[in-house]
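Coordinate-derived values only; no laboratory data. Quantities reported herein were computed from a predicted structural model and do not represent experimental measurements. Note that we place each Cβ from the backbone using ideal geometry, even for glycine, and neighbour counts take in every protein chain shown.
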């Protein structure tokens, strides 16, 4: 038995066992140095008991815009909802599977099907009225024009 396996079994002995099956599988795979079937992260939405996946995004800036991009292939534009405020952006949607596959027929299941959402606080204030969104080749791109308001203003003191 190598050192990583020993540490794994020591961990199990100290903790009284694995607290959940996913943690156990991950620790076992690490000890055995073998891949494990990955499951997409999901959380339950507040308005439904259906699990809701978290959308992955890229956020970057140009000189005039903050840009949010996400690869969401397989989603109909009608199933997307994008909300923008002066300091945040929220994306919600749903990806529908065209046909059902039973769990025992999967070798790997890494894609998330169903409801998803993502909200992010922006690093700078933006102009929501002039924001735009496009969807091309499975990539959602949101352009958010920056507001160039100064956060501080220097005041001249005058004597009276």
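What to note about this one:
- Using a Förster distance of 25 Å, the FRET efficiency for residue 58-residue 135 (Cβ separation, nearest 0.05): 0.95
- Debye intensity ratio I(q)/I(0), log10, region 48-149, q values 0.18, 0.21, 0.25 Å⁻¹ (C-alpha model): -0.86, -1.08, -1.40
- Here the residues 58, 105, 65, ranked from fewest to most Cβ neighbours within 10 Å of their Cβ, fall in the order 105, 58, 65.
- Computed FRET value (nearest 0.05) for residue 73 with residue 119, which takes r as the C-beta separation and R₀ as 25 Å: 0.75
- Here each label is just a point 7 Å from Cα along the line to Cβ, and for residue 153 and residue 104 those points are 7.1 nm apart.
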